[in-house]
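Worksheet: one structure, shown below.
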């Protein structure tokens, strides 16, 4: 059985990708990582990640083009704020029997591929607290009113930045059928904060994969992972969730721009420059007021 990790990136997020890969390789030198190009501007990030970390390019770029074309045919070019986020769905069709998908605005604090052990009892795993915010940024109340999903099923919504599953559980036909179903009912989905793939992929997983497991909802309390949470404390090269006195599995800056002065900037900067000199000059930190405003806006969109 072959396990691995998928990421999406282009040259614009090369620093984020380096930070993520530094954190992965800090704990795991062996698990293969495959880059799914976010767009056509990916040669620099691909070359850099290949040289530093042995990252390979997704082998079937023709599928990614076909997926993008079909998405445009079904939804047009104005339905999603960032349609290229759907490229991560190539995960289902790659070489890994079991896989994690990880956004590049994340750093990890453990051998994160071990989280795939939960797939012994499930077909889909996630590890987040999206459900604490209700169905916002995923669904509208229509899915309950029209009994598309039950209230219990809506408690299983997840953030699209970190999840895992098994190759082949979703077919290409499943993917396109999901597009058609969702395009026929745009009223089901909450795109008010310009999310893109997250509502659609939640719909597909809840409809087609009944054996789901959210690691964050395990019987024993699990640590948080959102960078908008103020109760994490740095301990060396990791963070501790002080509410339960446990180290974080990973930290996700979902909805928060990673820049000097942002929450937990120092931990991101540590991993970005883990094996190279840190630049002498840095961007001035934003004013406290603007930082507070940015965090408040992010809190309105995400929960951790």
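Results, tabulated for the structure shown:
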| quantity | calculated |
| --- | --- |
| Residue count for the stretch 266-298, restricted to those that are closer than 25 Å to residue 162 by Cβ, at pLDDT below 90 and part of a helix (DSSP H, G or I) | 6 |
| Residue match in the stretch 179-201 (condition: touching a residue at least 60 places away in the same chain (Cβ under 8 Å), buried (at least 16 other Cβ atoms within 10 Å of the Cβ) and touching a strand residue (DSSP E or B) at 6+ places or on another chain (Cβ under 6 Å)) | yes |
| Members of the stretch 224-241 found to be under 21 Å from residue 159 (Cβ atoms) and either within 19 Å of the chain's Cα centre (by Cα) or in contact (Cβ under 8 Å) with a residue 40 or more places away in the chain (or both), listed by number | 224, 225, 226, 227, 228, 229, 238, 239 |
| Filter result for residue 41 (more than 22 Å from residue 173 (Cα to Cα) and surrounded by fewer than 19 Cβ atoms within 10 Å (Cβ to Cβ)) | yes |
| First in the stretch 242-257 and at positive phi, second anywhere and assigned to a loop (DSSP other than H, G, I, E, B), Cβ under 6 Å, 6 or more apart | 255/302 |
| Within the stretch 26-76, tally of residues that are assigned to a loop (DSSP other than H, G, I, E, B) and more than 19 Å from residue 184 (Cα to Cα) | 15 |
| Residue ID - farthest from residue 186 (Cα to Cα), chosen from residues in the stretch 77-86 that are surrounded by fewer than 17 Cβ atoms within 10 Å (Cβ to Cβ) and touching a helix residue (DSSP H, G or I) at 6+ places or on another chain (Cβ under 9 Å) | 82 |
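Table: residues versus (1) in contact (Cβ under 8 Å) with a residue 24 or more places away in the chain; (2) buried (at least 19 other Cβ atoms within 10 Å of the Cβ); (3) not assigned by TED's automatic domain parsing to the domain that holds residue 254.
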| site | (1), (2), (3) |
| --- | --- |
| 104 | yes, yes, yes |
| 115 | yes, yes, yes |
| 126 | yes, yes, yes |
| 140 | yes, no, yes |
| 150 | no, no, yes |
| 165 | yes, yes, yes |
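The values are calculated or read from the model by the stated rules, or taken from the named source; none is laboratory data. Remember, it's a predicted structure, so these values are computed and weren't measured experimentally. FYI the Cβ positions are ideal-geometry reconstructions off the backbone, even for glycines, and counts take in every protein chain you see.
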